[in-house]
1. In segment 173-189, how many are under 16 Å from Asn202 (Cα atoms) and open to solvent by 50 Å² or more (accessible area, probe 1.4 Å)?
2. Please work out which residue is nearest to Gly174 (Cα to Cα), limiting yourself to segment 21-48 and to residues that are within 17 Å of the chain's Cα centre (by Cα) and open to solvent by less than 30 Å² (accessible area, probe 1.4 Å).
3. Asn45 fails exactly one of the following numbered conditions: (1) in contact with a strand residue (DSSP E or B) (Cβ under 9 Å, 6 or more places away or on another chain); (2) at pLDDT 95 or above. What is the number of that condition?
4. Mind checking which pairs have a first residue in segment 144-167 that is without any contact (Cβ under 8 Å) to a residue 40 or more places away in the chain and a second that is open to solvent by 80 Å² or more (accessible area, probe 1.4 Å) and not polar (S, T, N, Q), Cβ under 7 Å, 6 or more apart or different chains?
5. Scan segment 129-137 and tell me whether some residue there is touching a residue at least 12 places away in the same chain (Cβ under 8 Å), over 29 Å from Pro189 (Cβ atoms) and of a type outside the set (Ser, Thr, Tyr).
6. When you scan segment 110-127, how many residues do you find that are open to solvent by 10 Å² or more (accessible area, probe 1.4 Å) and either in contact with a Cys (Cβ under 6 Å, 6 or more places away or on another chain) or small (Gly, Ala, Ser) (or both)?
7. Does segment 112-127 hold any residues that are among the aliphatic types (A, V, I, L, M) and assigned to a strand (DSSP E or B), and which are they?
8. Given the residues Arg164, Arg130, Arg142, which is the only one that is open to solvent by 80 Å² or more (accessible area, probe 1.4 Å), assigned to a loop (DSSP other than H, G, I, E, B), more than 20 Å from Ser9 (Cβ to Cβ) and among the basic types (Lys, Arg)?
Amino acid sequence: MTDRIDAFSTPILKAVHPTAAPLNEALVSAINAERARSSGVSKSNIGGWHSEATMVDWGGDAAHALADFAIDTASPHMADIAAAGKRDFQWTIQMWANINPPGAMNALHCHPGAFWSGVYYPDPGGAEARNGGGELIFEDPRFPMAYSQVPDLVFRGSDGEPMRSQTYIRPQPGLLVLFPSWLRHEVKPHRGTRDRISIALNLLVHPS
C-alpha cells in the first residue's frame, strides 16, 4: 500500500455572487462612465481599455459590494499560525476594470505586493461560450522545471488525471476567481460577440 501526500497545493477559489444580475448592471454602468471620462492605462492588456486601480473610489456602492464579497470569500481560507497568539488583520483592496473588444487579451503576469488577486466578470461578452475565448489561464509555478527532463511525461494528480502545466477557467457572469498574487496568469484573446468586461483586484493584508 502506498500513502500519498499532496504537498504545497495552490489555492484557486471560485464563487458566484448570490445577487449577480443587479450587481453586474451597476458595475457595468460605473465602468462605462469611467471609460468615457478616462483614457485608462496600459498594463498587461494587449488591446482594450484598462482603468486606474482606483475603482473602489469611482465604482460606487457596487464596487464596495464586490470588495466585501472578495474579502468574505478569501478570509475563511486564511489561518494565523503565530505561536504568540492570534493577530487582527485588515484588508486593503485595489480594483480596476478591463474592457476587451474582440481580439484583445492580457499577457502573462503576476501581481507583486499583494496577497490574493482576483477577477470578477460582470459581462463576459460571449466569452462564456465554448468558442468565445477569453479564458483565464494559470501557469504551474513549477513550470518548466517539471518538464525539463521528458516533456511528455507528467505526474498524476490525486484524482488520477495527468497534471498539466496550465489550468483554464472560462468566464461566466457573476463569477469571482481568487488566487495567490504570485501565481502567473494570462487571458486568451477574446472571441465573443461584444466587449468583454471584467474587474481585477488585489487584496493586501496589514496586521494590526
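1. Total satisfying the criteria: 2.
2. The selected residue is Asn24.
3. Asn45 satisfies all of (1) in contact with a strand residue (DSSP E or B) (Cβ under 9 Å, 6 or more places away or on another chain); (2) at pLDDT 95 or above except (2).
4. Between residues of segment 144-167 that are without any contact (Cβ under 8 Å) to a residue 40 or more places away in the chain and residues that are open to solvent by 80 Å² or more (accessible area, probe 1.4 Å) and not polar (S, T, N, Q), the close pairs are Pro162/Arg156; Met163/Phe155; Met163/Arg156; Ser165/Phe143.
5. There is no residue in segment 129-137 that is touching a residue at least 12 places away in the same chain (Cβ under 8 Å), over 29 Å from Pro189 (Cβ atoms) and of a type outside the set (Ser, Thr, Tyr).
6. Number satisfying all stated conditions: 3.
7. Of segment 112-127, the ones among the aliphatic types (A, V, I, L, M) are 114, 119, 127.
Val119 - this is the single residue of segment 112-127 that is among the aliphatic types (A, V, I, L, M) and assigned to a strand (DSSP E or B).
8. On the way: Arg164 fails: more than 20 Å from Ser9 (Cβ to Cβ); Arg142 fails: more than 20 Å from Ser9 (Cβ to Cβ).
Matching residue, one of Arg164, Arg130, Arg142: Arg130.
The values are calculated or read from the model by the stated rules, or taken from the named source; none is laboratory data. Nothing here was measured: the structure is a model prediction, and the numbers come from that model. All Cβ positions, even for glycine, are placed from backbone atoms using ideal geometry, and neighbour counts span all protein chains on display. The accessibility values were calculated without ligands, DNA or RNA, using every heavy atom of the protein model including side chains. Shrake-Rupley method; radii C 1.70, N 1.55, O 1.52, S 1.80 Å.
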